[in-house]
1. Under 8 Å for C-alpha pairs, at least 6 residues apart: give me the relative contact order for the stretch 53-176, rounded to a whole percent.
2. Considering all alpha-carbon pairs of the stretch 75-115, what whole percent are spaced by more than 12 angstrom?
3. Mind checking the full-extension length gain between residue 25 and residue 189? Use 0.36 nm per residue of separation minus the Cα-Cα distance, one decimal, nm.
4. Using alpha-carbon pairs under 8 Å, 6+ residues apart, how would you state the relative contact order of the chain in percent?
5. Just to check, using Stokes-Einstein with a Kirkwood Rh over alpha carbon pairs, what's the diffusion coefficient of the stretch 21-68 at 20 °C and 1.002 mPa s in µm²/s?
6. Taking each pair of different alpha-carbon atoms in the stretch 155-265 once, compute 1/r for the pair, average those values, and report the inverse of that mean as the Kirkwood hydrodynamic radius in Å to one decimal.
7. To check my understanding: the extent here is largest minus smallest coordinate of the Cα atoms along each principal axis. What are those three numbers for the stretch 100-161, in Å, largest first?
8. Along the charge dipole of the chain, pointing to its positive end and built from +1/-1 on Cβ of Lys, Arg, Asp and Glu, which listed residue (113, 238, 68) has its Cα farthest out?
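Every number in this text was worked out from the coordinates using simple rules, so none of it is lab data. A quick note: this is a predicted structure, and the numbers were derived from the prediction, not measured. Please note: Cβ atoms are built from the backbone with ideal geometry, for glycine as well, and neighbour counts cover all protein chains shown.
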Amino acid sequence: MPASPLRKYIAKMWLFESSGKMPADDMKLVVPNGNLKLTVSYQNGIVAAINGREFVSRQQDITLTGLINVPVFLDAENDVPTETIGIEFHPQGAYRFFHFSLKDIQNQIYPISDLLGNPGRQLVERVNEAGSAAQKILVLQQFLLQQLALHEEDSVFEYCIEQIMSTRGKITVKELERKTGYTSRWLNVKFQDCLGVSPKNLSSVIRFSHYYQSLLGAGPLPFSTHDFYDLYYDQSHFIKHFERFTGLSPKSFERQINHFGERYYR
């Protein structure tokens with residue numbers, strides 16, 4: 001569990017372990033969930049395919065994944081035992097720890113040393129010197145607490161994120177304008193800087209994330225059911241977003257195996 005001051009900003013912390021690469025017939029698709037991710041690949045590396053580009057989180061390195069709004073396909077770098085620590089930040093949280101425009105890393109993965117320079121390199125050294133996964137997580141939390149103290153809270157931005165989350169992504173930018181008194185142009189600039197995408201874009205990710213989470217929790221259901229379409233105007237609107245975030249039509253998706261992606265998403 002994150003230290004108390006971090007809980008508002010961290011969505012979850014996890015440890016991924018594998019004996020090697022994922023099965024060849026598994027799609028290994030991870031659907032966007034709106035969280036930015038700090039990853040420590042301390043045994044073996046992780047390879048991510050995003051928008052036709054390959055990003056590698058190499059062994060004994062720490063990487064930061066910007067906000068993703070496209071399908072991601074993951075696998076172990078080599079067919080050997082793999083252990084990875086992940087810290088996922090709420091959409092409202094990452095800007096408190098990483099003090100640069102998060103638009104620069106949207107749909108991309110970068111080594112923390114490239115993004116933060118000497119403090120990033122020092123963090124990598126300290127984490128690699130720590131013995132167990134628990135000790136590595138403690139070092140990461142100490143670093144995040146130091147970063148948190150350097151950047152004040154942006155109450156307007158966080159309020160907008162809370163509105164998007166509480167409405168499951170159904171609130172409009174016009175409603176955010178009315179509630180905050182700021183123009184859509186101002187809100188777009190603020191979101192691009194503090195998150196990496198616009199309010200409308202984040203709302204689309206959150207809306208689909210709610211649908212996808214419901215689907216995983218409900219067991220195998222035919223996509224012809226309308227139980228989850230309350231988040232979309234109509235079926236064509238739903239299918240458009242489904243293809244955007246999975247890369248497949250609902251019917252094609254039904255025929256795929258994606259056990260790894262489902263476990264990762266949960």
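1. Once normalised by length, the contact order is 30 percent.
2. Of the Cα pairs, 74 percent sit more than 12 Å apart.
3. Separation in residues times 0.36 nm, less the Cα-Cα distance, equals 54.9 nm.
4. For the chain, the relative contact order is 23 percent.
5. It comes out at roughly 179 µm²/s.
6. By the Kirkwood definition, the hydrodynamic radius is 15.3 Å.
7. So the three principal-axis extents are 40, 22, 19 Å.
8. Toward the positive end, the furthest listed residue is 238.
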